[in-house]
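Student: Below: one structure in structure tokens.
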Amino acid sequence: MSTLDNTSLQLPKENPEAEDFLPLLGTDYIELYVGNAKQAAHYYMAAWGFQPLAYAGLETGLKDRVSYVLQQGKIRLVLTSPLKPGGEINKHIDAHGDGVKVIALWVDDAAKSYKETVDRGAKAYLAPKTIGDNEGEVVLSGIHTYGETVHIFVERKNYKGAFMPGYQVWNPFYRPSDVGLKYVDHIVGNVGWNEMNKWCEFYAKVMGFAQLVSFDDKDISTEYTALMSKVMSNGNGRIKFPINEPADGRKKSQIEEYIEFYNGAGVQHMALATDNIIETVTSLKNRGVEFLTVPSSYYDDVLDRVGHIDEDLLPLRELGILIDRDDEGYLLQIFTKPILDRPTMFIEIIQRKGAKSFGKGNFKALFEAIEREQKTRGTL
């Protein structure tokens, strides 16, 4: 059975300004359309420690696509590739390269979630439908969001299987150990010029979210580039969606680079949480995952800025892990280089020690590191 608890929950409200009329129980899965799902699955297993969970393809009666489902902690990835030319998946991959198509949200009532959001102005993607097998049934529905990204609402309280009907258990011999990833902390979307407020208003009006924090070009800027960002959150705080847009700068920002290569708005990165970032990042680096680096001088005065932390500074310095503090505590974070051939999606590893913010104190060092990578690509 899935490690996500299928019990209906009344979760405490963390973001009091959010209406939370759905409500959302968590991130159910993230589906990427990829050029070669079999090889992508091997990458996320070998490099990232995801465990094989379920499979759908020719052997399960599908004729047009194949999907591999991987899980680590409460994080589920679905990797989907087309089996024939033409069609939606090929079109998506041709336009965007590998990328996130679906951010699926775990709900108690998929039909109600669909009605609430469509009635409030969401563009329908999938009318409520029930699918079943001998393990029970799952109800699905969906709406469009920024770019070609969609939200699927997943109601699985009456399902006991590994993933959902239409999939079979995937149990290969190769099962590398995990790296300690626990859950999706937040998912960041990049949108075009002057579109940030539009999509923040969408999440507020259509989904009952409220703004948690905002950053302007004074917060997120370097000598050359800038961007704007607002973080939208649902009431219980389990779903956090920062939305970025470009801001005027002397050179091409990372958001502009993303939009150019992704060919529009889309998911920029997933932030995955761990309880021990030193162990997790050490494992990832040993498996070949490449991270952005900051100058060693970053660590010379970092403790003057953030105060006492429980961890030794030396391994944080050696691994390039960044530190920031807010009124609630501190956090540790690090960002990979793009994990795809196009300079689009990357992954953040985050460990929260009480902090509920997003590392504002690290923005300058982080963005200068990204600019160094952009310079090597000739896209700055």
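Student: Going highest first, how would you order 99-106, 188-195 by mean Cβ packing within 10 Å? Provide the component values of the computation, followed by the final result.
Tutor: Values: 99-106: 22.8, 188-195: 19.8.
Answer by packing, highest mean first, reads 99-106, 188-195.
Student: So for the pair residue 59, residue 83, with labels modelled 7 Å out along Cα→Cβ, what separation do we get in nm?
Tutor: Label at residue 59, label at residue 83, 1.2 nm between them.
Student: Hey, what's the Cα Rg ratio for the stretch 24-169 versus the globular rule of thumb, 2.2 N^0.38 Å?
Tutor: Against the compact-globule rule of thumb, the ratio is 1.02.
Student: Along the principal axes of its C-alpha atoms, what lengths does the chain span, in descending order and rounded to whole Å?
Tutor: 60, 47, 41
Student: Per-residue counts of other Cβ atoms within 10 Å, averaged by peptide: what ranking do you get for 283-289, 28-34, highest first?
Tutor: Details: 283-289: 15.9, 28-34: 23.6.
Descending mean neighbour count gives 28-34, 283-289.
Student: Moving to a separate point now. Between the stretch 175-209 and the stretch 33-95, what is the C-alpha centre distance in whole Å?
Tutor: When both Cα centres are located, 21 Å separates them.
Student: If you don't mind, there's one more thing I want to ask. What is the fewest-to-most order of 119, 108 by other Cβ atoms lying within 10 Å of their Cβ? Let's see the in-between values first.
Tutor: Working: 119 9, 108 19.
Placing the least packed residue first, the sequence is 119, 108.
Student: Okay, moving on. Please arrange 175, 76 by counting, for each residue, the other beta carbons lying within 10 Å of its beta carbon, fewest first. Don't skip to the answer; put the middle values down first.
Tutor: Numbers: 175 11, 76 24.
Placing the least packed residue first, the sequence is 175, 76.
Student: Cα extents of the stretch 181-377 along the three principal axes, largest first, in whole Å?
Tutor: Taking the Cα atoms of the stretch 181-377, the three principal extents are 43, 41, 32 Å.
Student: Turning to a different aspect of this structure: If neighbour count is taken as other Cβ atoms inside 10 Å, put 377, 325 in order from fewest to most.
Tutor: 377, 325
Student: Restricting to the stretch 181-377, what percent of DSSP beta bridges are antiparallel, rounded to 5? Working shown, then result.
Tutor: On the way: 33 of 41 bridges.
The antiparallel proportion sits near 80 percent.
A short reminder: the numbers here are calculations on the coordinates, not readings from a lab. Bear in mind the structure is a predicted one, so any value in this text is a computation, not a measurement. Note that each Cβ is placed from the backbone with ideal geometry, even for glycine, and that neighbours are counted across all protein chains shown.
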